[in-house]
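**Q** Structure provided below as structure tokens; questions to follow.
The values are calculated or read from the model by the stated rules, or taken from the named source; none is laboratory data. Note that the structure is predicted; figures quoted are calculated from it, not measured. We place every Cβ from the backbone using ideal geometry, glycine too, and count neighbours over all the protein chains shown.
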There are 2 protein chains.
Amino acid sequence: MEIKRIIEKIKSDIPNLNGIYFVGCGASCADLYPAKYFIEHNSIKLRTSLYTANEFNYDYPKALDKDTLVITCSLGGETPETVSASKLAMEKGATVISVTNKPNSSLAKNCNYLVVHDWDGKYSLKLDKMIKVLQIAVEVLNQYEGYENYNDINSGFDKIYDLIDQSVSTVVPEAREFAEKFKDDEVIYLMSSGPTYKVAYSFSICLLMEMQWKNSGSFHDGEYFHGPFEITDENASFILLMNDGKTRAIDARALEFLNRFNAKTALIDAKDYGLSSIIPNSVVDYFNPMLISAILRIYAEELATVRNHPLTKRRYMWKLTY
Amino acid sequence: MEIKRIIEKIKSDIPNLNGIYFVGCGASCADLYPAKYFIEHNSIKLRTSLYTANEFNYDYPKALDKDTLVITCSLGGETPETVSASKLAMEKGATVISVTNKPNSSLAKNCNYLVVHDWDGKYSLKLDKMIKVLQIAVEVLNQYEGYENYNDINSGFDKIYDLIDQSVSTVVPEAREFAEKFKDDEVIYLMSSGPTYKVAYSFSICLLMEMQWKNSGSFHDGEYFHGPFEITDENASFILLMNDGKTRAIDARALEFLNRFNAKTALIDAKDYGLSSIIPNSVVDYFNPMLISAILRIYAEELATVRNHPLTKRRYMWKLTY
């Protein structure tokens, strides 16, 4: 069933929706963040939260009941904590939409509604997960409360896939330069703000720590000046993800400080790829994370190549029981 | 005015409270987290969010209006972003409670209600900020919706200060051992869960990065298995903050993995200090962050001593305009 129809059905069954919770693990938790940010900033009624699945499992909110919508997400659909969270939410009477690439997975079998996202093929399809979850949030808001920029954001959804594929096609040279420059660094920090904040987190814990066994940390660049900036000097390495939208000034302030003290900085700026000239200004914020994630993917691939450490290499994941 | 009276007055002025937002920067943002966690998990009506102040300033939620309560927090009361957030919230018609140690500060002058917290003196007073913010959240919930464990949590508030001071009095030897063992490590990671999650964050960005110029990262230990655990081996250093409460099983799972692969691990376990034998079980979760923060303070002091790098030493903060 397409997303719009799913939400129409849910609205007829749950006229008094009290909240929308997003639940996942690792990259699939971070991929839920733009949708959670969208609801948090645009809804005037709906409660919303984002949980790593096991926190939800061990300490779910008291408000979880038959009037709650829960979005669970897992690429392969077999993440045990997320499958448990889906089951728990249904036991409590909540309505669950699962978002996964695998229509026969455990997650797909334990939900009220299934949304299957793409993954293989063009780079834009790796962002289909994040985009579809945002589409769910937009439909919920528009149908329950109305959303004044509904047409604008739908035009954004129409354009973002092509923009991503065009953008990544130009980025290999600078990604290679990044990889050569940063490959031996002891620690690489990631920073961003707004809807892109968890893209910094996801690159840090998944692409660098998990897939490259490289030390990393991440934080909101509004927080940079309240602690982390004290480590800044020419020996500190940062990747700054710069939004083309409302929180750009926060990112720019961090960039200025990094440059002032000669920190080793890789800048990925959504404006360089023309985001706001293609996506309507009223909704541009919410498309930064998809565009920037796609560009970061090329950065990670080039880093893997120069370090001779494939992104698929693991020592524990998929190999052990834990 | 005492906290209970403040909330009584607010309730008479705002009978239909729609949400409670918490706004601060750095450690004062992290110190708001237990209260936000409390509302998120126990309220069935109130919307709640935690913002670093500049994100609030540049992209405040649409729901911010005359029916909203905003809690702003800054130790010295002069953090510019937080003062701006207080002003912005009041301009939008929201009611603002500011929590600060300085009753004549800019933050104290830009709010509807002022709560002054202690700081100097016994170690427990360094947690008075976090405790008072939680007390505000508890009063809001109890007066607007009722809170079944209200008496239990108030008995916890009566006992936590003494428990903190007793606990820190025994901890210097193990803190010194930690400091000797970890002082030269390239990177130290912090992990926790539940209401204590942001204590891990705060120690990482403030005590280590800001006050010791040491590389660090932090994440939820439920997320550890979805990325960061791939860096685990005998050369990786972790501080694990273990809750005595609902999410303890998540912490324990991370500890087991760290030990299995001989990671260098410092464990701070609230159970070792008898938290759940003193605080009623129904509310014990919410007192972990205060107890564990106090113990971590001793760890930081010992680290500063063995590294000959005072916690007050800065190269940018308080010295430059930025």
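**Q** Of all the strands (runs of 3 or more DSSP E) wholly in region A:191-296, which have at least 1 residues that are of a type in the set (A, V, I, L, M)?
**A** So the answer is A:237-242, A:264-269.
**Q** Kindly list, by first and then second residue, each pair from a residue in region B:85-100 that is without any contact (Cβ under 8 Å) to a residue 24 or more places away in the chain and outside any strand (DSSP E or B) to a residue that is surrounded by fewer than 22 Cβ atoms within 10 Å (Cβ to Cβ) and of a type outside the set (A, V, I, L, M, F, W, C), limited to pairs with Cβ atoms under 9 Å and residues at least 6 apart or on different chains.
**A** That search, which allows pairs on different chains as well, returns B:87/B:110; B:90/B:110; B:90/B:112.
**Q** Being farther than 21 Å from residue B:39 by Cα, outside any helix (DSSP H, G or I) and under 19 Å from the mean Cα position of the chain (by Cα) narrows it down to one of B:75, B:163, so name that one.
**A** Just one listed residue meets the conditions, B:75.
**Q** State whether the residues of region A:164-174 include one that is facing another protein chain (nearest Cβ under 8 Å) and touching a residue at least 12 places away in the same chain (Cβ under 8 Å).
**A** So far as region A:164-174 goes, no, none of its residues is facing another protein chain (nearest Cβ under 8 Å) and touching a residue at least 12 places away in the same chain (Cβ under 8 Å).
**Q** Kindly check whether there is at least one residue in region B:153-160 that is within 21 Å of residue B:76 (Cα to Cα) and buried (at least 22 other Cβ atoms within 10 Å of the Cβ).
**A** Scanning region B:153-160, I find no residue that is within 21 Å of residue B:76 (Cα to Cα) and buried (at least 22 other Cβ atoms within 10 Å of the Cβ), so the answer is no.
**Q** Given the criterion out of contact with any strand residue (DSSP E or B) (no Cβ under 6 Å at 6 or more places or on another chain), of a type in the set (Asp, Glu) and surrounded by fewer than 16 Cβ atoms within 10 Å (Cβ to Cβ), identify the matching residue among A:244, A:233.
**A** Every option except A:233 fails the conditions.
**Q** Would you point out the residue of region B:215-251, among those that are among the acidic types (Asp, Glu) and at the interface with another protein chain (Cβ under 7 Å from one of its Cβ atoms), that is nearest to the chain's Cα centre (by Cα)?
**A** If we take residues in region B:215-251 being among the acidic types (Asp, Glu) and at the interface with another protein chain (Cβ under 7 Å from one of its Cβ atoms), then B:223 is nearest to the chain's Cα centre (by Cα).
**Q** When residues of region B:106-123 are filtered for being surrounded by fewer than 18 Cβ atoms within 10 Å (Cβ to Cβ), farther than 22 Å from residue B:5 by Cβ and in contact with an Asp or Glu (Cβ under 6 Å, 6 or more places away or on another chain), how many remain?
**A** Result for region B:106-123: 1.
**Q** Is it the case, given these coordinates, that residue B:128 is acidic (Asp, Glu), out of contact with any strand residue (DSSP E or B) (no Cβ under 6 Å at 6 or more places or on another chain) and assigned by TED's automatic domain parsing to the domain that holds residue B:41?
**A** yes
**Q** What is the residue count in region A:298-309 for residues that are part of a loop (DSSP other than H, G, I, E, B) and in contact (Cβ under 8 Å) with a residue 24 or more places away in the chain?
**A** 1
**Q** Hey, can you tell me all the residues within region B:40-67 that are more than 10 Å from chain A (Cβ to nearest Cβ) and β-branched (Val, Ile, Thr)?
**A** Result: no residue meets the conditions.
**Q** Let me ask another. Among what's in region B:142-163 and is touching a Phe, Trp or Tyr at 6+ places or on another chain (Cβ under 6 Å) and not polar (S, T, N, Q), pick the residue that is farthest from residue B:302 (Cα to Cα).
**A** Filtering region B:142-163 for residues that are touching a Phe, Trp or Tyr at 6+ places or on another chain (Cβ under 6 Å) and not polar (S, T, N, Q), the one farthest from residue B:302 (Cα to Cα) comes out as B:156.
To keep it simple, each residue is scored yes or no on (1) outside the structural domain of residue B:37 (by TED's automatic domain parsing); (2) under 26 Å from residue B:42 (Cα atoms); (3) in contact with an Asp or Glu (Cβ under 7 Å, 6 or more places away or on another chain).
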{"site": "B:174", "(1), (2), (3)": "yes, no, no"}
{"site": "B:183", "(1), (2), (3)": "yes, no, no"}
{"site": "B:193", "(1), (2), (3)": "yes, yes, yes"}
{"site": "B:204", "(1), (2), (3)": "yes, no, no"}
{"site": "B:216", "(1), (2), (3)": "yes, no, no"}
{"site": "B:219", "(1), (2), (3)": "yes, yes, no"}
{"site": "B:234", "(1), (2), (3)": "yes, no, no"}
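**Q** Take the residues of region B:83-105 that are of a type in the set (Ser, Thr, Tyr) and either within 10 Å of chain A (Cβ to nearest Cβ) or under 22 Å from residue B:15 (Cα atoms) (or both): which is surrounded by the most Cβ atoms within 10 Å (Cβ to Cβ)?
**A** Across region B:83-105, the extreme among qualifying residues is B:86.
**Q** Something else: Right, residue B:249: among the aliphatic types (A, V, I, L, M), more than 26 Å from residue A:58 (Cβ to Cβ) and modelled with pLDDT of 95 or more or not?
**A** For residue B:249, the condition - among the aliphatic types (A, V, I, L, M), more than 26 Å from residue A:58 (Cβ to Cβ) and modelled with pLDDT of 95 or more - is not met.
**Q** While we're here: Which of the numbered conditions does residue B:69 fail, given that it passes all the others? Conditions: (1) buried (at least 24 other Cβ atoms within 10 Å of the Cβ); (2) closer than 19 Å to residue B:288 by Cβ.
**A** Of (1) buried (at least 24 other Cβ atoms within 10 Å of the Cβ); (2) closer than 19 Å to residue B:288 by Cβ, only one is false for residue B:69: (2).
**Q** Within region A:295-311, can you find the residues that are more than 12 Å from chain B (Cβ to nearest Cβ) and within 23 Å of the chain's Cα centre (by Cα)?
**A** Once the filter is applied, which keeps residues that are more than 12 Å from chain B (Cβ to nearest Cβ) and within 23 Å of the chain's Cα centre (by Cα), region A:295-311 yields A:295, A:296, A:297, A:298, A:299, A:300, A:301, A:302, A:303, A:304, A:310.
**Q** Quick check on my filter: what residues within region B:269-290 are of a type outside the set (Ser, Thr, Tyr), surrounded by 21 or more Cβ atoms within 10 Å (Cβ to Cβ) and either within 14 Å of chain A (Cβ to nearest Cβ) or closer than 15 Å to residue B:247 by Cβ (or both)?
**A** B:270, B:275, B:283, B:284, B:285, B:287, B:288, B:289, listed by residue number.
**Q** Out of (1) free of Cβ contacts under 8 Å to residues at least 40 places away in the same chain; (2) within 10 Å of chain B (Cβ to nearest Cβ), what's the single condition that is false for residue A:258?
**A** Among (1) free of Cβ contacts under 8 Å to residues at least 40 places away in the same chain; (2) within 10 Å of chain B (Cβ to nearest Cβ), residue A:258 violates only (2).
**Q** For region A:25-66: of the residues being among the charged types (D, E, K, R) and farther than 23 Å from residue A:83 by Cα, which is surrounded by the fewest Cβ atoms within 10 Å (Cβ to Cβ)?
**A** For region A:25-66, the residue satisfying everything is A:45.
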